[in-house]
Ligand code: FES
Ligand code: FES
């Protein structure tokens, strides 16, 4: 290994002396500005400066509000994550890597029963064991908590009942792990076993002992945690459809499968403050919940986010084991570390909901989509978690990117005696999206048109409103579809490949940040706040609560600050680990971090920039508007020789006040309708994606291999193309797991059978297809430099793309994920019986003959393309609401011009009879519950 | 949970002296005779870079090199590694100078959350030590025991290929390697006319590379 490769910053230079020793080196960049050893400045990187402000970067979508803040420093460049060196050297500290002096080890005692009353707990034997320092049970922490304020239903440890196998009952702390495990086994718990339910359909029925009493109101005495009804548009449109799809879908539960098991270290310091180290996506929720459970004010708790070894939604709840560690540590007076076994990771779960989803979709004579009927019953497991929101997302996130005549959704989330389901990458949207996209494929076949053209002719344009009232700003859906069509050579392959080979399309639509912060009113308090501080040395310290879970949020924040201030990214130090120093932030979920935190960071950086320019104005005498910031220098636009270094300007700006400090915040604009649940799915921007997948199906065995994926994702503007591509490919991997191999298998008695990574099948490197990431940049008007999310949306399209490709390959649609070989083979065998053939190689493959509609659609798509371009560049600023495609006037409320147009959040009595499976939850009356909890 | 047949875990097995060369330093520690190598490395020798993802040989996060061979430390008895020479992720760098494989993982997006990264680094370094010109298939076989939930492996393979180029001396540094990135096993013409998606997963980037050769600038690396 010869020298020459890069070094860790601040270390040797890579030069070797004669005696073989390394020469101590300099930073890879010189000291700031003209006073240093490298007074020369790098020329401005015009390729990364937008053309509207004199650079060479093309702006097909027109100017952006942040254009003038661009300096060509980092934005748009593929740079490594700022914490990459910590990760490749093994220095990154994850939950279990926090080692404090005198630490002891905690273990959790878990329920062996699905559902039982805890009659008594005898801890005496455990306490008597030498080496045991503390034991705690539910009595030590009776306060309830939950991630959403409306559904607080968890305790640190079981208070009255255990609700699934693996539910927490007690915990112990001892000098070492062996003693802790031994002590845990010595805790004797007496249970009174109750009738457990495992089938989510049973959750709709009345029972004697619901898993929870739903606060003040309860739907009958069922296990329904949340029921949703949403109806928009004119229902009469779906009568006499030209094409119709009806699909009953079954999805298994999926676990996040992050590589780092949960771990936590709690320590009450000498001032009696709790220091809690935890790999959390949302340290702020944990912070709030800890305060509630421990009865300690929030300012007496410091939540320290360690590096997070993968989150994907699975580390966003406040977890009971975090409370346990804090309780044990308080009792023991020593730091307590609890680390999970992989099995325990499956017991806390919070993965994707197992669900039954039924969709009916209709298209009219012009191949417009006249209606979606969606019914989603989702299995929440033992606790509410994020389920309140998930129940909405399963429906409302299907209202775009297509223009709909009507939309009808009923959803219900039920409690069952399984580990709780929660938020997982693509929260709530994934399963319904798969069903809907497959439905479109099916309808295009009935209509005799190309499924891509069907989509292209039914898209909502940029700057429009969906049927449910979501405000769509930038929209790169059309371009994404066109790119994957071109890239995959779609027109020569679709319905033309031989048996066993297939190609399929799928689209996605996802929120970029949730419009409603869960814990406060967005009109009173911002979504995200970022502080910047610069002291005499010129280094920029950025304080943010954005939780980097590997997606690179720290890098994104550092990048935008570096961009605005035209500083090397090495000079930006992001501090985001501690709640003591970070402004309150909602953390990493709903794909909000880049959008909201980077926006806040830009604001804070602009304030600093203004101070620097004013200082330069004082010295140089040129107005800030004529000054340019570039590579640690500030100079006069027309004569770069007239200028001063960044450090000089900084010191001038600091003359009277010392360190420069600024604060920036982001608040989403007011948006959305007024109906119940209008806030669910509301976001300041939405991402769009389209994938084409190619698969090979072995008709003899039912084995599916996905070989190629063309993945186009509209992320607004790729702040860091390397990271965006990584997110796209990673999403493909995770989605592919759900569609082909991954499932949480519950046995006949309801026991989870594959709580380990051997039986829970995450795709390995051999199952990965060639993924061609294609970045679409629609430049969102409100996004930071135009950026939107790229972390979750790219997961959605891979599922339907694969399912559609399988149909293209063997002519069979399977509505039961994952598509494991046994299911596929069973479907092939059934088809062979129906067709009366013995040899699977004789299976008929679908072929497509275009109907006369095809030409019409292509024409309409071409017209819409022109319309979209105009709207995107704001040449056409007329209002556009869902319904214009059907001939309605966007300037008059639709209720006034269409008879029967409505928007409802409760079913009418006459509708009750025709409700779907989940809709059955509306048959029961809500009743005030007098006894029980709350 | 508690039954008569329960076998107590404590008092633990007797402690014995365990010694091995860990990252070039001879270490002698007292460890229970039935200790697992992963525990000894993490708890006794301070190699917290070795990660525990599953404890049962399914994730690869705990991979270390024992006498040059990649091994899962969670499935290795510490006593079996007694007297051997062990390299963990902490031992890959030369002082403060990152090994090419580390630099390439950072530069090519081979590491997102980074929890799997130590295992991947050690497994791929073991491959590069014996084969500095691996094909994508050979790389896939070398890392098949490692799970990564974040990256989808594609950028990991790119990183390893880039590091291999440095090992072969074809690229001076990761920076240069990423620009030149010669393909040891070309499977298609490297012309921008190539239909997208057919050479290999990373061809988009390759196309761009070809483009910048023409136009004199790299669209990605500056
Ligand atoms: S911890 Fe050794 S393979 Fe997972
Ligand atoms: S980088 Fe997160 S698991 Fe591989």
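So the values come out like this:
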read-out	value
Whole-Å distance, taken between Cα centres, linking the stretch A:424-497 and the stretch A:502-518	12 Å
Theoretical FRET efficiency, 1/(1+(r/R0)^6), r = Cβ-Cβ of residue A:125 and residue A:199, R0 35 Å, to 0.05	0.40
Paramagnetic label zone (point 7 Å from Cα along Cα-to-C-beta, residue A:701; backbone N under 18 Å) in the stretch A:761-794	A:761-769
Residue order, fewest to most surrounding Cβ atoms within 10 angstrom, among A:880, A:760	A:880, A:760
Estimated [θ] at 222 nm from DSSP helical runs (n ≥ 4, -39500 (n - 2.57)) normalised by residues in chain A, nearest 500	-7000 deg cm²/dmol
Sites residue A:899 and residue B:34 - FRET efficiency at Förster radius 56 Å, r taken between beta-carbons, to 0.05	0.10
Chain lengthening between residue B:141 and residue B:16 when straightened (0.36 nm per residue, less Cα-Cα)	41.3 nm
Residue A:837 versus residue A:623: modelled label distance in nm, points set 7 Å from Cα along the beta carbon direction	7.8 nm
Sorted by Cβ density within 10 Å, fewest first, the residues A:744, A:157, B:56	B:56, A:744, A:157
Inter-label distance, nm, simple model (7 Å from Cα along the C-beta direction), residue A:493/residue A:181	4.9 nm
Estimated FRET transfer efficiency when R0 is 35 angstrom, pair residue A:856-residue A:53 (beta carbons, to 0.05)	0.25
Spatial separation of Cα centroids for the stretch A:228-258 and the stretch A:36-104, in angstrom	42 Å
Fully extended contour minus Cα-Cα distance, from residue A:143 to residue A:870, at 0.36 nm per residue	256.1 nm
Label-reachable residues, the stretch A:562-585, where backbone N falls under 19 Å from a point 7 Å from residue A:273's Cα toward its Cβ	A:575-585
Span from the the stretch A:563-617 Cα centroid across to the the stretch A:884-912 one, whole angstrom	44 Å
Percent RCO, i.e. relative contact order, over chain A, from Cα pairs under 8 Å lying at least 6 residues apart	17 percent
Fraction of antiparallel bridges per DSSP, the protein assembly as shown only, in percent to nearest 5	80 percent
Ranked list, fewest to most other Cβ atoms within 10 Å of each Cβ, for B:130, A:820, A:594	B:130, A:820, A:594
Simple label model, 7 Å out from Cα along Cβ direction - residue A:749 to residue B:132, nm	5.9 nm
Relative contact order of the stretch A:468-618, defined on C-alpha pairs under 8 angstrom at six or more residues apart (%)	25 percent
Percentage relative contact order, the stretch A:74-177, counting C-alpha pairs under 8 Å, at least six apart	37 percent
Additional length obtainable on full extension of the chain from residue A:912 to residue A:160, 0.36 nm per residue less Cα span	267.1 nm
Diffusion constant of the stretch A:82-220 at 37 °C, which comes from Stokes-Einstein with the Kirkwood Cα-pair radius and 0.692 mPa s, µm²/s	186 µm²/s
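Since every read-out is calculated from the coordinates, none of them should be taken as a lab result. Given the structure is predicted, the values throughout are model-derived calculations rather than measurements. No Cβ is skipped: glycine too gets one built from the backbone with ideal geometry, and neighbour counts run over all protein chains shown.
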